[in-house]
Every structure is written in C-alpha cells, then in structure tokens.
Amino acid sequence: MGAETQSAVVDRVRAPLLEYLIKYPVLVAILTWIGVTALFVVLNPSVMLQPNIWGNIFRQTALIGPVAIMVAVLMIGGDFDMTVGANYAMSAMAFILIVNQGIPPSVAMLMTLALGGTVGLLNGVLVTATGIHSFIITLGGWFSIRGALLLLFSGSARLESDIAIMQIFSYEFGAGFEALVLWMFLVLLGALYLVHRTSYGNHLYAVGSDRDAARARGIRVTRTRLIAFMLTGMAASFAALMHVARFGSARPVLQTELPLVAIAAAVLGGCALFGGRGSPNAGFFGALTFGTFGAGLVAAGASSAWYQFFVGVVLVGAVVFNRYVDRLRQEKR
C-alpha cells in the first residue's frame, strides 16, 4: 500500500471520528475512562474484574461526583468555583458539630445545605458585583475558608454516635455498592433536566456564550449566574454529607484537591473553559475516570502521587484537545 493510499485510509477513519467528537465532546471522557479501565485490568486482572472493586470505584466517584457535575453546570455559564473543596470540608465539619450539639440530624442536614448554598451565593454576589473573574474571587475564598478552618480546628471532628437517617447515604446493596451512588445519579439526572429541559438551561448556555448578547435578549444574566453558584455550593455540602455518612468524621484539610479535580473532570468531558459549551455528563464521566484511576492505583499498589500527576496531565491535555476541536468546529462554519 502506497503512502498516499495509507494517508487516504487514515483520513477516512479520522474524519468521522472527529465529527463524533465535535458533536459529542463527552466521548473524550468516555474513551479515556475505557482506556484507564483497560490499563488497570491488564495490570491487575484478578482485582479489577471483581464486583467489589467496582462498588468501591463508584463509591469513591460518588463522593466527588455531585461536585464535578455542578461545576460542569457552572462552567457552562462561564464561571469557576475554587471554593468547593473548602466548602466541602467546612460543611462536613459543621454538620458534625451541629449534630454533636444535640440538634436533630434532619435539621442539621438542612442547615448544612443552606451553609453550602450561602457560600456559593456569596461567591456569585462578589463575582457579579465586582466584575472580577470568578477564578480570582473564589480562589481567595478557597484560601480564606481553608485558613479559617485550620485556625478554628486543630484536628478532626467525629460523630459521637450513629445517626439512623444517614443510612439513606450509607446503606449497602451488596458488592460494595452503597446508596450514595444512587444519590449521585439523582444529582446527575436533576442537573441534566435543569440544563437540557428548562428555560434556565437555555439561558445558562446563552450567558456562557456571550453575556452582553444574552442581556440584550432580555436574559437576567446576574440571576442566572447566582443560581449556578448557589447550586454548586449546595452540591459541595451535599457531597460532604455523604462523606460524613461514609466515614463518620471530617478534617479541615478534607478534599484539598477537589477544585482542580472537578474542573479537570468537566474539561475532560468537553466543557469549555470560557463557557457556552458542555453538559453535566462531562462532570460525571470525568469524575468516574478519576475514581477508576484512583482505585486502580490502590489495586496496583502504586504511589498515590500518580493520581496528582494524572489529574494534571488530563487537565492540560483536555484543554489542548478542546482548543483543537474548537478550531475544527470554526473551520466547518
């Protein structure tokens, strides 16, 4: 086969693949997840083919999945929230302290969700009122919240007794699958409905694409962004509640890497860094990829430092690939 013929064959195979990736960018995350899974199955088939390992993978994914899903929603609107990790830790600590004071757990759960939503709303107010990029505002919030937690608490907080209502998150169905996995999928379904089946979702895409144009069309840009920030903050608190149900304790340094992991997950799934494109599916499949990689490292007995390396490589690689896809999309117009 000549060089020209080989080139033609490659082009015929590549063209439809790129078409699919342009139309369905979340396929990048799905293919990456399949590749990561295949890698660890080859390295350690005796562990990776057991049902229990997949229960553990989905359990680990569920602890960050709701946050990654809602960060993807926030990024569709063109914003970031770097406080999600600190909000997660603060919410977990707050819930434990409130319950230990004798407050009914159901009330404590509502108070925790309200706390997370308030943090998100405050982020949104500061971003929209000052006009400063959300990355900078929420980065400052990340350091402030984390610093306050370290100043107020010298160690971890732990539930003083078992709480029956937390069984809604920690109930185990078998093979390592717990109820919190179902809650993650409920969050995903709710986010998909919000983004793809409501007028709010249409407004969010418009705001992320061009805020001035969206405002000219009569869309309430500030309101749209504030709702996205508030929901993202509540997702961090919700995930924190599942963490407490799983472990019964929390620390001020909990989920330090979560902001970057959530952004990397969303970008891997096709969310644009500057808004206007993406889906909640992006956050889910990105989080599943990282959850699989983390569990695979444990199964292979490898250093956890590889996880940080993988997140960094994925973030940069996904951004570069998305830029390439954007250029192809513009050439087709």
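The values are calculated or read from the model by the stated rules, or taken from the named source; none is laboratory data. All values reported here derive from a predicted model rather than from experimental measurement. Note that each Cβ is placed from the backbone with ideal geometry, even for glycine, and that neighbours are counted across all protein chains shown. The accessibility values were calculated without ligands, DNA or RNA, using every heavy atom of the protein model including side chains. Shrake-Rupley method; radii C 1.70, N 1.55, O 1.52, S 1.80 Å.
Within the range 211-230, the set of residues being under 19 Å from Gly124 (Cβ atoms) and out of contact with any Leu (no Cβ under 8 Å at 6 or more places or on another chain) comprises Arg211, Asp212, Ala214, Arg215, Ile219, Arg220, Val221, Thr222, Arg223, Arg225, Ile227. Could we say that Ile165 is under 30 Å from Ile57 (Cβ atoms), in contact (Cβ under 8 Å) with a residue 12 or more places away in the chain and either more than 22 Å from the chain's Cα centre (by Cα) or not in a helix (DSSP H, G or I) (or both) here? It is true that Ile165 is under 30 Å from Ile57 (Cβ atoms), in contact (Cβ under 8 Å) with a residue 12 or more places away in the chain and either more than 22 Å from the chain's Cα centre (by Cα) or not in a helix (DSSP H, G or I) (or both).
Each residue in the range 185-244 was checked for being among the polar types (S, T, N, Q) and under 20 Å from the mean Cα position of the chain (by Cα), and 3 of them qualify. Within the range 73-96, being open to solvent by 10 Å² or more (accessible area, probe 1.4 Å) and over 14 Å from Ile137 (Cβ atoms) holds for Met90, Ala94. Across the range 30-61, the qualifying residues are those that are within 22 Å of Val187 (Cβ to Cβ) and open to solvent by less than 20 Å² (accessible area, probe 1.4 Å), and the one among them that is modelled with the highest pLDDT is Thr61. Scanning the range 246-281 for residues that are assigned to a helix (DSSP H, G or I), open to solvent by less than 20 Å² (accessible area, probe 1.4 Å) and either modelled with pLDDT of 90 or more or out of contact with any Gly (no Cβ under 6 Å at 6 or more places or on another chain) (or both) gives Leu258, Pro259, Val261, Ala262, Ile263, Ala264, Ala265, Ala266, Val267, Pro280.
Of everything listed in (1) on the phi < 0 side of the Ramachandran plot; (2) touching a residue at least 40 places away in the same chain (Cβ under 8 Å); (3) assigned to a loop (DSSP other than H, G, I, E, B), the single unmet condition for Trp54 is (3). Set side by side, the residues Phe135, Phe143 differ, and just one is open to solvent by 60 Å² or more (accessible area, probe 1.4 Å), touching a Phe, Trp or Tyr at 6+ places or on another chain (Cβ under 6 Å) and more than 24 Å from Phe247 (Cβ to Cβ), which is Phe135.
Is it the case, given these coordinates, that Ala108 is touching a residue at least 12 places away in the same chain (Cβ under 8 Å) and more than 23 Å from the chain's Cα centre (by Cα)? Show your work before the answer.
Values: touching a residue at least 12 places away in the same chain (Cβ under 8 Å): yes; more than 23 Å from the chain's Cα centre (by Cα): yes.
So Ala108 passes the test.
Collect the residues in the range 143-162 that are part of a strand (DSSP E or B) and within 19 Å of Phe238 (Cβ to Cβ), keeping them in residue-number order.
Listed by number, the list holds a single entry, Ala157.
Listed conditions (1) of a type in the set (Val, Ile, Thr); (2) open to solvent by less than 10 Å² (accessible area, probe 1.4 Å); (3) closer than 27 Å to Pro25 by Cα are all met by Ile64, apart from (2).
Just to be sure, is Tyr193 more than 30 Å from Ser249 (Cα to Cα), part of a helix (DSSP H, G or I) and touching a residue at least 12 places away in the same chain (Cβ under 8 Å)? When the stated conditions are applied, Tyr193 does not pass them. The requirement of being touching a Gly at 6+ places or on another chain (Cβ under 6 Å), under 28 Å from Ile30 (Cα atoms) and touching a residue at least 60 places away in the same chain (Cβ under 8 Å) is fulfilled somewhere in the range 287-296, by at least one residue. Residues in the range 297-327 that are of a type in the set (D, E, K, R) and either touching a residue at least 24 places away in the same chain (Cβ under 8 Å) or under 17 Å from Ala29 (Cβ atoms) (or both) were compared, and the one that is most open to solvent (accessible area, probe 1.4 Å) is Arg323.
Annotation note: of Arg215, Arg225, the sole residue that is assigned to a helix (DSSP H, G or I), within 15 Å of Gly77 (Cα to Cα), open to solvent by less than 50 Å² (accessible area, probe 1.4 Å) and of a type in the set (Lys, Arg) is Arg225.
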